[in-house]
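Student: The structure that follows is given in the form of structure tokens.
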């Protein structure tokens, strides 16, 4: 019922966030049809990558926050999702490929289908994560060449699977690179957040750059941002 009262805007981009003189925030929004509008709210959760986060919230950043976003580094990531006819084992599993095997694949996650599950019964979803070196070197490779290399690697781990492939989806992304000193930088950033919250700022951050280059880390950062927002508004 509460969700029905939300003003949900799909296919829109937030261009910038500014603090209102009387409190709250003003969001400048660009819709898919290129029309612009303004939204006002009491709090904002910025769930973007480092570069776009720093850009849209630039007017709100402290010097320490600017240093944090300016120091963050990213690297390329490549993943291939494969829909397969038949069930690969009874339980979800992760297969890590040893480096000594010189495979272009770092790990494989297999999710067998089940009744009422995300993957249809009688099928499986196989997700391949490319090794870092291959992902960096493949930045300029066409999609079909990347997919062929990954599928060849998959066939070496799960022989015969190529004949049962129903569909594939290649994903390219940029993920945070946690270099030496990153956690010290992150600890200082989190300390600034506590100080800003204590002074009444209701701006929160979420994203994999706050925990690690994984879906789980990004999800946890979102949960932490939501919890902080609830606490600041006096809700358990």
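Every read-out reported here was derived from the displayed coordinates using simple, explicitly stated rules and does not represent laboratory data. Every value quoted in this text rests on a predicted model; they were computed, and no experiment measured them. Cβ: placed from backbone, ideal geometry, glycine included. Neighbour counts: every protein chain shown.
Student: Please build a GNM for the chain, connecting alpha carbons under 10 Å apart, and tell me which residue among 201, 34, 131 fluctuates the most.
Tutor: 34
Student: For helix 143-157, report the angle its Cα long axis makes with the longest principal axis of the Cα atoms of the chain; keep it between 0 and 90° and round to the nearest 10°.
Tutor: Relative to the chain, helix 143-157 is tipped by roughly 60 degrees.
Student: If I take R0 = 41 Å and measure r between the Cβ atoms of residue 45 and residue 85 in this structure, what FRET efficiency does the formula 1/(1 + (r/R0)^6) give, to the nearest 0.05? If you can, show how the numbers build up before the last one.
Tutor: Working: r = 40 Å, r/R0 = 0.98.
My answer for the efficiency is 0.50.
Student: Ok, one more. Report, to the nearest 10°, how far helix 182-198 tilts away from the longest principal axis of the Cα atoms in the chain, using its own Cα long axis and a range of 0 to 90°.
Tutor: 40
Student: Could you compute the FRET efficiency for residue 170 and residue 107, with r as their C-beta to C-beta distance and R0 at 22 Å, rounded to 0.05? If you can, show how the numbers build up before the last one.
Tutor: Details: r = 16 Å, r/R0 = 0.74.
Once rounded, the FRET efficiency stands at 0.85.
Student: Calculated FRET efficiency, residue 184 and residue 59, Cβ-Cβ r, R0 41 Å, to nearest 0.05?
Tutor: Rounded to the nearest 0.05, the efficiency is 0.95.
Student: Return a whole-number percent for the relative contact order of the chain, with Cα pairs under 8 Å and 6 or more residues apart as the contact set.
Tutor: Averaging sequence separation for qualifying contacts and normalising by length gives 20 percent for the chain.
Student: Pull up the DSSP beta bridges for the chain and report the antiparallel fraction as a percent, rounded to 5.
Tutor: Expressed as a percentage, antiparallel bridges in the chain total about 90.
Student: Relative to the longest principal axis of the chain, what angle (0 to 90°, nearest 10) does the C-alpha long axis of helix 215-232 take?
Tutor: Value to nearest ten degrees: 20.
Student: With each label point set 7 Å from Cα along the Cα-Cβ vector, what nm distance links residue 30 and residue 73?
Tutor: Inter-label distance under the simple model: 3.0 nm.
Student: As a test of the formula, what do you get for the chain when each DSSP H run with n ≥ 4 contributes -39,500 (n - 2.57) and the sum is divided by the residue count, at 222 nm and rounded to the nearest 500 deg cm²/dmol?
Tutor: -9500 deg cm²/dmol
Student: When a/c is below 1.5 the answer is rounded, else prolate if a/b is larger than b/c, else oblate, so apply that to segment 81-130 with a ≥ b ≥ c taken from the square roots of the Cα gyration tensor eigenvalues.
Tutor: Verdict is prolate for segment 81-130.
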